[in-house]
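The values are calculated or read from the model by the stated rules, or taken from the named source; none is laboratory data. Remember, it's a predicted structure, so these values are computed and weren't measured experimentally. Backbone-built Cβ (ideal geometry, glycine too); neighbour counts: all protein chains shown. Just so you know, the surface numbers come from the protein's heavy atoms only, side chains and all, with ligands and any DNA or RNA stripped out. Shrake-Rupley method; radii C 1.70, N 1.55, O 1.52, S 1.80 Å.
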Amino acid sequence: MNSPNNIPFLDLVTPHIELEQELTEVFQEVLRTAGFIGGPLVEDFEKSFAKFCGAEHCVGAANGTDALRFALIAAGVKAGDAAVTVPNTFIATGEAISQAGAVPEFVDIDEKTYNMDPAALHRYLSERCENTGGKLISLRSGRPVTAIVPVHLYGQMADMDAILAIAEQYNLIVIEDACQAHGAKYFSRKANTWKTAGSVGRVAAFSFYPGKNLGACGEAGAITTNDARIAQTIRMLRDHGQAKKYFHDIEGYNGRLDALQAGLLTVKLKRLANWNAQRRELASNYNRLLASEVANIITPFEFSWSEAVYHLYVVRVENRTEFQEDLAQAGIGTGIHYPVPLHQQKAYAHLGYETGDFPVTENAAPHIVSLPMFPQMTAEQQQRVVNSVKASVSRSAVAATATL
Ligand SMILES: *Cc1c(COP(=O)(O)O)cnc(C)c1O
C-alpha cells in the first residue's frame, strides 16, 4: 500500500506538510515559554472553537471520550442513571456513559441517515419506560432515564428538533456526541435558523483525534455549551476538581487539553471551514458519479435541513467483502464504521441485548463501507475510486437490492 499510485482511505500527511512551518512555530513557542499546560494557547483555542460552533463556552479536554464523560457528569447524569443512545456508533459513546456511572440503553437508527431515529426514541420512552414517582424508569434496567445522547454520525447531525421536543416532553438532558461533526449544520424548523453542531443540546463533546475533521497532532477533545455553570463544572472536572490550585471542591480527573495541541489546533481551525467545504464538494461528486449505479450501491442521504461535513462517506453494497477486496486490488483503501453494533459487542454482553433488537442497525452493519474521503483528495484520485467502485458493484450486481 506504499505505492504513490495508491489512494489511502485517509491522508494525514499532506495537510501537515502544507502547514509545517506554522505548526513548527507553535512548537517553538511552547518550548520557549514552557507553557505546556493551560495558559493563552488553550484559552485562545477555546474562544475560537466556541465561536466556530456558535456556542458561548468551550472547554478543552484531553480527548473526546473524556470530553463526553465530563459533559455527561456536568449536565447532571448521575451514578445509577440510564442514558439513551444508538448502537451504531463508536464504543466511546457507550464508554463515556458507563464512566459517568450510568448505563447505556439503545434505540434504533434511521435507515437513511444512520442517526438516531426520533420515532424509535419516542417509542422507547413511551413503551419501555414508565413514570414512577415523578421519575422515568427504564423497564429493562429499573434505572431512571435522565439523558439522551444523539451521535452526529459520519458528520451529519441527528434530527435535533424532534429529539429536543421529545427530551422536553420527558424532561431529559440532551448531550450531543459531536465527535464526528465539527462544523455540521442543522436547520431548526422550530427556531427557523441554521445551527451548528455543538450549539444545540445542553452540552456537546468533540474529539480532535488526528483523523477527525479537525484533528490534533496527538490526542485532544473539547466540550461546548451555552451554560456557564456547566462550563465551569467541566473546567473543574478536567483539572482534579479544583477551582483554585490545591483547593479541591470535588474529586475530578486529569483530563486537560495540552497547550501544544491547543496551539496546533488553532492553526488548523482556520482551515476547517475550507476543508469541510472540500469534503462536501467531494461528497456531491461521489453522489453524482455513482448515481448511475443506483441499483447496486446506496449513497449517503442528506435531508434538506442538514448540511453534513462528511467526516466519512459511507455507502452500502451487497457483497462488502468482495467489494473491499476489489478496491484493495486497485490500491484503494476503505474502512468500516462500524462492523459490530454496540449491543452486539462482547463488552456489552452484560446488558442483555439480543440479535434482532435493532433491525435497522443490524441490517446496515454488514453492508456499510466507507470510501476514501479527505479534503486533499484530487479529482483524478476520486475518478479512480469511482471507476473501481463501479466495476466492483456491476460485477456483483445481480443480487437483490432489497437486502441492502
Ligand atoms: C472519535 C469519537 C469519540 C471519541 O473520541 P476520542 O478523542 O478518540 O476519545 C467519541 N464518539 C464518536 C462518535 C467518535 O467518533
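Overview of results
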{"quantity": "Some residue of region 336-354 being farther than 30 Å from Ala273 by Cα and in a strand (DSSP E or B)", "calculated": "no"}
{"quantity": "Residue tally, condition in contact with a Phe, Trp or Tyr (Cβ under 9 Å, 6 or more places away or on another chain) and aliphatic (A, V, I, L, M), over region 204-231", "calculated": "6"}
{"quantity": "Residue that is open to solvent by less than 10 Å² (accessible area, probe 1.4 Å), under 30 Å from Leu41 (Cβ atoms), modelled with pLDDT of 95 or more and touching a helix residue (DSSP H, G or I) at 6+ places or on another chain (Cβ under 8 Å), where the choices are Leu68, Leu125", "calculated": "Leu68"}
{"quantity": "Any hit, region 308-316, residues being of a type in the set (Phe, Trp, Tyr) and under 30 Å from Leu68 (Cα atoms)", "calculated": "yes"}
{"quantity": "Within region 319-350, tally of residues that are among the charged types (D, E, K, R) and open to solvent by less than 50 Å² (accessible area, probe 1.4 Å)", "calculated": "2"}
{"quantity": "Selected residue (criterion: farthest from the chain's Cα centre (by Cα)) from residues of region 64-96 that are among the β-branched types (Val, Ile, Thr) and within 18 Å of Pro118 (Cβ to Cβ)", "calculated": "Val84"}
{"quantity": "Residues (within 16 Å of the ligand (Cβ to nearest atom), farther than 23 Å from Glu307 by Cα and among the small types (Gly, Ala, Ser)) located in region 35-68", "calculated": "Gly60, Ala61, Ala62, Ala67"}
{"quantity": "Selection within region 251-271 - open to solvent by less than 70 Å² (accessible area, probe 1.4 Å) and either in contact with a helix residue (DSSP H, G or I) (Cβ under 7 Å, 6 or more places away or on another chain) or free of Cβ contacts under 8 Å to residues at least 12 places away in the same chain (or both)", "calculated": "Gly252, Gly255, Leu257, Ala259, Leu260, Ala262, Gly263, Leu264, Leu265, Thr266, Val267, Leu269"}
{"quantity": "Failed condition for Gly133, given (1) open to solvent by 20 Å² or more (accessible area, probe 1.4 Å); (2) touching a Leu at 6+ places or on another chain (Cβ under 9 Å); (3) under 26 Å from Ile73 (Cβ atoms)", "calculated": "(2)"}
{"quantity": "Unique match (being within 16 Å of the ligand (Cβ to nearest atom) and either outside any helix (DSSP H, G or I) or not assigned by TED's automatic domain parsing to the domain that holds Ala62 (or both)) among Ile175, Ile137", "calculated": "Ile175"}
{"quantity": "Flag if Ala162 is closer than 18 Å to Asp357 by Cα, outside the structural domain of Ala365 (by TED's automatic domain parsing) and at pLDDT 95 or above", "calculated": "no"}
{"quantity": "Residue count for region 145-171, restricted to those that are assigned to a strand (DSSP E or B) and either open to solvent by 30 Å² or more (accessible area, probe 1.4 Å) or within 27 Å of Trp275 (Cβ to Cβ) (or both)", "calculated": "2"}
{"quantity": "Test: residue in region 377-388 that is closer than 17 Å to Asn5 by Cα, within 24 Å of the chain's Cα centre (by Cα) and in a loop (DSSP other than H, G, I, E, B)", "calculated": "yes"}
{"quantity": "Scope region 218-255; condition in contact with a strand residue (DSSP E or B) (Cβ under 6 Å, 6 or more places away or on another chain) and within 16 Å of the ligand (Cβ to nearest atom); matching residues", "calculated": "Gly221, Ala222, Ile223, Thr224, Ile234, Arg238, Gly255"}
{"quantity": "Answer from Gly60, Gly35 - the residue that is open to solvent by less than 30 Å² (accessible area, probe 1.4 Å) and in a strand (DSSP E or B)", "calculated": "Gly60"}
{"quantity": "Failed item, numbered, when Val393 is tested on (1) open to solvent by less than 10 Å² (accessible area, probe 1.4 Å); (2) without any contact (Cβ under 8 Å) to a residue 40 or more places away in the chain", "calculated": "(2)"}
{"quantity": "Residue among Glu43, Glu56, Glu95 that is out of contact with any Leu (no Cβ under 7 Å at 6 or more places or on another chain), farther than 30 Å from Ser138 by Cβ, without any contact (Cβ under 8 Å) to a residue 60 or more places away in the chain and of a type in the set (Asp, Glu)", "calculated": "Glu43"}
{"quantity": "Residues of region 89-107 satisfying the condition of being in a loop (DSSP other than H, G, I, E, B) and more than 10 Å from the ligand (Cβ to nearest atom)", "calculated": "Ala100, Gly101, Ala102, Val107"}
